[in-house]
């Protein structure tokens, strides 16, 4: 980031559908006003807009912006976004990836609607560290939740595979051994006789002890 008085800015605005053109115009107006009020220099070549869903694979102009930020002799020191959701819709991981790319290139960022996330050369070192620490904590929590969800899905799949041979509809055979038929009593004990369906039990004849 440039420590001079005049900061060279770039602007990135995005919409998801063609019928959101008025929203794009509002984004551009707000971003340009943000630059003027803070005395930033904004060249037209650094105003990037696109129609994209908000995922990394579709955001060609955002990827171009990141590439230009890392080149020697770049023409901007800070990128202005209207909001985090307009920067990307790819989730926390995509947002952190974009901000880390800018930070590692020495480029700051401003969010018009979320100034608490601003990061530039005027941000105190402590505040910079806090912002990056918060982003790192969010990233760690996101990865932890994804891991937990993946393990839970794997466990459910294993349970389904384990019970694949059990009947799912209609009546269970009485000797199937499922919890429904054992109930709270549990399986028969070793000394108990298991009755075979359709066969009458053998009763001792009269006179036998």
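No value in this document is a laboratory result; all are computed from the given coordinates. These numbers come from a predicted model, not from an experiment. Cβ sites come from the backbone with ideal geometry, for glycine too, and all protein chains shown count toward neighbours.
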Q | Where a label projected 7 Å from the Cα of residue 28 along Cα→Cβ would reach, residues of region 51-84 with amide N under 13 Å | A | 51
Q: Describe numerically, in nm with one decimal, the distance between label points set 7 Å from Cα along Cα→Cβ at residue 136 and at residue 21.
A: 4.6
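With 17 Å as the cut-off, how large is the P(r) tail for region 8-123, expressed as percent of Cα-Cα pairs? Working shown, then result.
On the way: 3356 of 6670 pairs.
Tail fraction, whole percent: 50.
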Q: Rank these for me by crowding, 146, 15, going from fewest to most other beta carbons within 10 Å.
A: 146, 15
